[in-house]
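Inspection log for the structure reproduced underneath, given as structure tokens.
The values are calculated or read from the model by the stated rules, or taken from the named source; none is laboratory data. These numbers were taken from a predicted model, which means no experiment stands behind them. All accessible areas refer to the heavy atoms of the entire protein, side chains included, with ligands and DNA or RNA removed. Shrake-Rupley method; radii C 1.70, N 1.55, O 1.52, S 1.80 Å.
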Amino acid sequence: MRKITNITVAIPTVDRPAELTRCLDGIFKGTILPAEVLIINQGDYHVVEPVIKRFQLLHSTPIIHCSQPPKGLSAARNLATNQAHCHIIAFTDDDCVPAPDWLAHIEKVLISTPTADGVAGSIQPLGIGYPDEFPVSIRVSKKRMKYQRRTLPWHVGSGGNFAIRRKKLLVVGGFDERLGAGSPGKAAEDTDLFYRLLRVGTVIQYEPELVIYHERQDATRLIRSFWNYSYGIGAFTAKHARTGDLYAVYMLGVWLFWLVWRTASSIVRRNRIYAGEGLLSLRGCGHGLAYGFRLR
């Protein structure tokens with residue numbers, strides 16, 4: 001019988017039963033099992049309910065189906081935070097598949113050797129890629145790092161592969177529901193959360209052996225994803241800059257320098273997809289800045 005660890009796994013989902021099935025398969029094939037799984041559903045309750053019931057019949061781990069109006073990814077993760085019974089919450093997404101030792105590495109960092117308050121990890125492409133598919137949100141660094149206080153928050157990790165002590169999440173008020181997929185801010189809810197956590201002294205470790213596999217995207221979704229992410233970065237940095245946070249201005253400058261350099265390089269190499277994506281992302285960042293400065 002496999003060990004059960006005192007960790008809640010939270011999975012937001014919206015009308016994607018096949019993807020949710022794949023994600024849950026990954027969790028329940030793990031070397032250790034979570035104490036509970038929360039499915040935060042912002043779609044049609046009946047679309048994913050058969051999937052959840054099947055896993056409930058197969059496994060003794062509590063799998064709780066929480067239905068919520070379509071308020072966005074941040075709202076889903078905040079509901080999971082409020083509903084979780086464990087003192088550690090591990091977040092992933094329905095288009096991700098955890099590696100078999102995913103929870104074991106979270107336990108190792110946050111329970112067995114509790115020198116960190118949170119842990120983020122590697123994100124690798126899922127499955128065999130086809131010519132018309134592209135990996136997204138990939139993190140392949142093999143260097144273990146600890147982050148605290150002032151740092152560029154997008155270096156820390158991604159919300160789809162992240163675990164945190166629940167009390168630390170509550171201290172900063174959870175995710176900002178004005179940011180993230182499905183919200184007007186479109187993205188960067190995890191970047192914003194990392195930034196606020198680090199500012200209050202939270203220690204977040206990047207653990208390369210903590211692996212999630214992320215679904216690839218076609219060119220249309222890829223371009224939309226970069227628009228959304230750049231919009232989110234603009235909104236995130238403007239949100240903090242408007243309060244007089246000069247480091248937010250610095251972060252925006254770093255982001256724009258990288259984006260301009262990447263776009264120019266793609267134009268020189270005549271890579272149409274990434275050149276077009278870069279130009280669109282610059283526009284998206286501008287729109288995000290306008291949104292962020294309006295936030296109160």
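Measure nothing but the geometry: give the 0 to 90° angle between the long axis through the Cα atoms of 189-199 and the longest principal axis through the Cα atoms of the chain, rounded to 10°.
Helix 189-199 sits at roughly 90 degrees to that axis.
Expressed in nm², what is the orientationally averaged projection area of the convex hull enclosing the Cα positions of segment 52-117?
Working: hull surface 23.2 nm².
Spelled out: convex hull of the Cα atoms, projected over all directions, averaged, 5.8 nm².
Strictly greater than 16 Å: what percent of every Cα pair in segment 180-296 meets that?
Working: 4397 of 6786 pairs.
Here the tail beyond 16 Å accounts for 65 percent of pairs.
Just how many % of Cα pairs in segment 81-150 lie over 14 Å apart, if you round to the nearest whole percent?
On the way: 1697 of 2415 pairs.
That fraction is 70 percent.
On the protein heavy atoms, probe 1.4 angstrom, tell me the percent of accessible surface of segment 3-136 carried by carbon and sulfur.
Heavy-atom surface of segment 3-136 belonging to carbon and sulfur, 1.4 Å probe: 59 percent.
Against the globular-protein guess of 2.2 N^0.38 Å, express the Cα radius of gyration of the chain as a ratio, rounded to two decimals. If you can, show how the numbers build up before the last one.
Numbers: Rg = 18.6 Å, N = 296, 2.2 N^0.38 = 19.1 Å.
Normalised Rg, Cα atoms only: 0.97.
Working from Cα positions, state the angle (0 to 90°, nearest 10) between the long axis of helix 272-294 and the longest principal axis of the chain.
Here the helix axis deviates by roughly 90 degrees.
With both partners inside the chain, how many of the DSSP beta bridges are antiparallel, as a percent to the nearest 5? Provide the component values of the computation, followed by the final result.
Values: 16 of 40 bridges.
Percentage antiparallel, nearest 5: 40.
If one takes the longest principal axis of the Cα atoms in the chain, at what angle in degrees, from 0 to 90 and to the nearest 10, does the Cα axis of helix 246-268 lie?
The two axes meet at around 80 degrees.
Could you report the accessible area of CYS86 in Å², rounded to 10, computed with a 1.4 Å probe on the protein chains as they sit in the structure?
10 Å²
Can you count the Lys pairs in segment 69-225 with C-alpha separation below 29 Å, eight or more apart or on different chains?
Pairs that pass both the separation and distance tests number 17.
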